Structure formats: C-alpha cells, structure tokens
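We did not get these values from a lab; they are worked out from the coordinates using the rules stated. The structure displayed is predicted, hence computed values, not measured ones. Counting neighbours? That spans all protein chains shown, and the Cβs are built from the backbone with ideal geometry, glycine included.
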Amino acid sequence: MSYASHHPGESCWREGSARESTSSSETMDVLSEYLWSPLWDVFGWVGLIVFTVICATVLLKMLGWLGDILFSLGRSKDLVKVYGRWAVVTGSTDGIGKGYAMELARKGMNICLISRNEEKLINVANEIKSLHNVEVRWIKADFSGTDIYELIEKELSTIDDIGILVNNVGIAPEKWEAFCNHDNQYMLASININMTSCVMMTHIILKHMIPKNRGLIVNVGSMSSLIPLPYGAVYSSTKTFIDNFTLCLATELSSTKIELQCLRPGFVRTNLISQMEGLTLFFEKALPFLLPDVKTFTKSAVRTLNGSVPLYTSGFWAHSMMASAVQTVSMFSRRAVARAAKLLMKYYWGAITKPKTALQRF
Ligand SMILES: NC(=O)c1ccc[n+]([C@@H]2O[C@H](COP(=O)([O-])OP(=O)(O)OC[C@H]3O[C@@H](n4cnc5c(N)ncnc54)[C@H](OP(=O)(O)O)[C@@H]3O)[C@@H](O)[C@H]2O)c1
C-alpha cells in the first residue's frame with residue numbers, strides 16, 4: 001500500500017489533477033489538430049521560411065561591411081597589367097581625385113588629370129612626376145558646362161591604352177539649405193558636374209576599353225545616395241543616379257572584362273565639406289574615425305581594387321560600417337532614414353535657413 005493511500009486529501013488532489021491533465025490533453029489535442037491542420041502545415045512552414053529569410057537578409061545587410069574589408073584583403077593587383085597603362089581622373093587637382101591620382105601613380109600607372117584650374121593642374125602634374133616615375137598629362141575642362149566633351153574626346157584619342165577611369169568630379173552645395181533657396185546656377189552646375197560628366201566620360205572611355213575588352217571605371221558616388229538628404233536634395237539625388245547608372249552598366253557589360261565600381265564614401269576631410277563647420281565639428285568631437293583624411297581614405301579605397309572588384313563599396317572600414325547600419329534601417333523604412341537625416345541637418349549641423357518662399361512648409 002502506498003503512502004498516498006493514507007492521505008485521502010492527497011488522493012483527491014491526484015484525482016483532480018488527473019481530471020485537469022485529461023482536460024488539458026484534450027485541449028492540446030484540439031490545438032494540435034488545429035495547428036497541424038494541412039492549412040497550418042503549409043502556412044506554418046511558409047511563415048517559418050519567410051521569417052528565416054528576413055532574418056538572414058537583415059543579418060547579411062548588418063554584416064555588409066565585413067565584405068568590404070574582405071575584398072580589400074586580397075593580394076595587390078598589378079593594375080597596369082590587368083587594366084592598361086593609363087588612368088584618367090576627373091576633378092583631380094584636389095581632395096579625393098588628387099588622392100586617387102597619387103595612389104594610382106604610386107602603383108605605376110600613367111595619369112591623365114582633368115580639372116578646371118590650369119595652375120593647379122600643372123602643380124599636381126609636377127608633384128606626381130616628382131614622386132613617381134610615371135607620365136602625366138592634363139586637360140583643362142570645366143565640367144559645369146556641356147561643351148567640353150568634344151575637346152576631351154580629341155585629347156584622349158592621343159592616349160594609348162586607357163585602363164582606368166575615375167569619375168570623381170563632383171560638387172556639393174556651399175550651404176545646405178532649403179531647396180527653394182538654391183539658385184538655378186548651382187542646381188544646373190550640380191547636375192552637369194555630378195551626373196553629365198560621369199555619363200559623357202564613361203561614353204568616351206568605353207570606346208577605348210571595349211575594343212581591348214578590359215578596363216575599370218570607378219564612379220565616385222556618396223553615402224548620401226543611401227541617406228536621402230533633406231536640404232541637400234539635388235546633391236543626394238545626383239548621387240543616387242550614380243548608383244543606378246553604375247549598376248545598369250555593370251550588368252550590361254557583365255560578359256566583358258570591363259569592371260565597374262560605385263564608390264560611396266562617407267565624410268572625408270576635403271574642401272567639399274570644409275564649409276560645413278557644424279558638421280565637421282560634430283564628427284571631430286563625436287566620431288573622429290568617421291572623418292578620415294584624403295590619403296588614408298584613398299589608400300583604403302584603392303585597396304578595394306585588389307582581387308575581384310566589388311560593385312559597391314564605401315572604400316573605408318568605418319564608412320562601410322555606417323553604410324551597413326543605414327542600409328539595414330532602410331530595408332524597413334527609407335523614410336525613417338530621411339527623417340533622421342533631417343533632424344541631424346536641422347539641429348546639429350546648423351545647415352538650415354528658412355525658405356525665402358513664404359508658402360513652403362517645412
Ligand atoms: N569629401 C567628402 O566628404 C565626400 C563624401 C562623399 C562623396 N564625395 C564625392 O567625392 C568627389 C570628390 O569630392 P572632394 O571632397 O574630393 O571634393 P573637392 O576637394 O572639392 O575636390 C573637387 C575636385 O573637383 C574639381 N572640380 C570642381 N568643380 C569642377 C568643375 N566645374 N570642373 C572641373 N573640375 C572641377 C576641383 O577643382 P579645383 O581644384 O579647381 O577646385 C577639385 O579638383 C565628389 O564627387 C564628391 O561628391 C566626397
């Protein structure tokens with residue numbers, strides 16, 4: 001006889017719990033019948049697969065920066081051998097363009113500089129020649145106009161074996177402010193310098209590259225194509241164009257040995273951002289690693305050309321991490337990214353002036 005049988009209360013409790021367990025097992029039966037009905041079976045699995053795919057995609061986006069770093073770890077490539085002897089760089093008398101010209105010359109490429117200021121062109125050409133044993137040519141052209149391309153094409157036709165084109169030239173607004181306050185001259189110049197130059201230069205240079213079936217075109221975009229920028233709508237949108245243009249052409253040319261890359265830098269210490277005092281101060285104080293100097297940045301960006309060239313890159317580890325974070329949020333709401341950018345522009349970077357047009361709400 002068990003100990004339990006001397007305690008009727010307990011036996012009663014056991015009976016009760018047996019009843020409870022019977023009813024709960026009935027509930028489970030009903031539930032499992034409902035849960036594992038053929039309909040649930042299908043939707044349950046589909047849901048699980050969709051959920052897993054979403055999680056994996058988010059994770060991949062979050063870790064996108066790792067890809068950028070891995071790409072740059074490959075063994076240094078002989079750019080002359082793989083692509084050709086000459087590199088053409090637009091907007092090459094200062095900032096990132098000059099940095100690219102220097103770095104490509106260091107890797108043994110002859111350089112053709114294209115910029116608007118003759119004195120600066122001569123100085124940069126001499127600087128490159130004094131540092132590296134390469135040939136340097138230059139073409140004076142102002143990309144704010146559209147009548148320069150015949151001259152550029154003629155000048156470039158005298159250069160044999162163009163291997164790399166860096167479509168770098170670009171301008172940002174001198175003042176980040178309400179769209180209505182930008183003048184016509186700035187807006188038209190932006191479109192010509194940031195977009196027309198890229199399209200026309202690519203068109204000219206591909207005529208050199210296609211017969212040889214080799215070459216590389218680096219289009220310098222910006223992280224602002226990932227972050228829609230209120231108060232910088234024209235700049236940000238011209239850079240989105242660069243993203244799309246690069247993807248279209250890369251796909252069109254995928255069966256050739258001509259490679260394309262869209263470089264999307266974050267902030268780099270150049271003249272372009274020097275007038276944005278609030279912004280540079282913000283980064284210097286809060287996140288200095290996000291504001292590299294030109295040399296550090298271009299060295300790192302050119303390293304992404306080692307191995308197989310990634311179609312999109314930020315070119316610098318800290319910018320790649322920032323881009324991954326932005327892209328992850330954008331997967332859910334690009335609008336939220338734009339709103340956050342608006343807040344930053346408005347309250348931290350002191351970019352804003354009220355629109356002169358009284359009716360515009362903001
Ligand atoms: N700096 C950044 O934080 C940053 C971030 C993202 C993307 N980017 C992109 O990187 C590229 C280079 O920017 P950056 O910061 O190096 O700019 P930068 O320091 O202002 O240099 C721009 C270069 O382009 C030349 N240039 C400007 N307007 C021209 C025109 N109308 N015709 C011919 N040449 C012209 C300039 O010539 P002068 O020497 O005569 O001025 C200079 O050599 C741009 O496409 C920009 O959008 C920059």
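With contacts defined as alpha carbon pairs under 8 Å and 6 or more residues apart, what's the relative contact order of the range 79-348 in percent?
After rounding, I find 18 percent.
Working out 0.36 nm times the residue gap between Glu26 and Val42, then minus their Cα-Cα distance, what length gain in nm do you get to one decimal? Intermediate results must be reported in sequence, preceding the final value.
On the way: separation 16, 0.36 × 16 = 5.76 nm, distance 2.39 nm.
In short, 3.4 nm is gained.
Between Ser130 and Thr256, what length comes free when the chain is fully extended (0.36 nm per residue of separation minus the Cα-Cα distance, one decimal in nm)?
Net length gain for the segment: 41.7 nm.
Please work out the C-alpha center-to-center distance from the range 77-127 to the range 241-286 and express it in whole Å.
Distance between centres, Cα-based: 18 Å.
On average, how much area does the Cα convex hull of the chain cover when viewed from any direction, in nm²?
Its average projected convex-hull area is 31.1 nm².
Once you have the Kirkwood Rh of the range 163-236 from its Cα pairs, apply Stokes-Einstein at 4 °C and 1.567 mPa s and quote D in µm²/s. The partial results should precede the final answer.
Working: Rh = 13.7 Å.
Answer from the Stokes-Einstein relation: 94 µm²/s.
Do you know the relative contact order of the range 56-132, to the nearest whole percent, from alpha carbon pairs under 8 angstrom that are 6+ apart? Walk me through the numbers on the way to the answer.
Values: 68 pairs, mean separation 20.0, N = 77.
Normalised by residue count, the contact order of the range 56-132 is 26 percent.
Just grab the label-to-label distance for Met62 and Glu119, each label 7 Å out from Cα along the Cβ direction, in nm (one decimal).
Between Met62 and Glu119, the simple spin-label model gives 5.3 nm.
Angle, helix 334-343 long axis vs. longest principal axis of the chain, Cα atoms, 0 to 90°, nearest 10?
70
Could you calculate the FRET efficiency of Asn213 with Ser76 from 1/(1 + (r/R0)^6), where r is the beta carbon distance between them and R0 is 25 Å, rounded to 0.05?
Step by step, r from the Cβ atoms, then E = 0.60.
Check cross-link reach from Lys346 to the aspartates and glutamates: straight Cα distance under 20 Å, and skip same-chain residues fewer than eight apart.
Glu174, Glu177, Glu277, Glu284
In the range 73-164, what is the count of Lys pairs whose alpha carbons are under 20 Å apart, counting only pairs at least 8 residues apart or on separate chains?
Eligible lysine pairs with Cα atoms under 20 Å apart amount to 11.
Using label points projected 7 Å from each Cα along Cα→Cβ, tell me how many nm separate Met187 and Glu150, to one decimal.
Output for this residue pair reads 2.9 nm.
Need the list of lysines near Lys239 for cross-linking: C-alpha distance under 19 angstrom, and skip anything on the same chain fewer than eight residues off.
Within reach: Lys175, Lys342.
Expressed in nm to one decimal, what extension gain is obtained for the pair Phe289 and Arg339 from 0.36 nm per residue of sequence separation less their Cα-Cα distance?
The span from Phe289 to Arg339 would gain 15.6 nm if fully extended.
Kindly put Tyr235, Tyr186, Tyr100 in sequence by how many other C-beta atoms sit within 10 Å of each C-beta, fewest to most.
Tyr186, Tyr235, Tyr100
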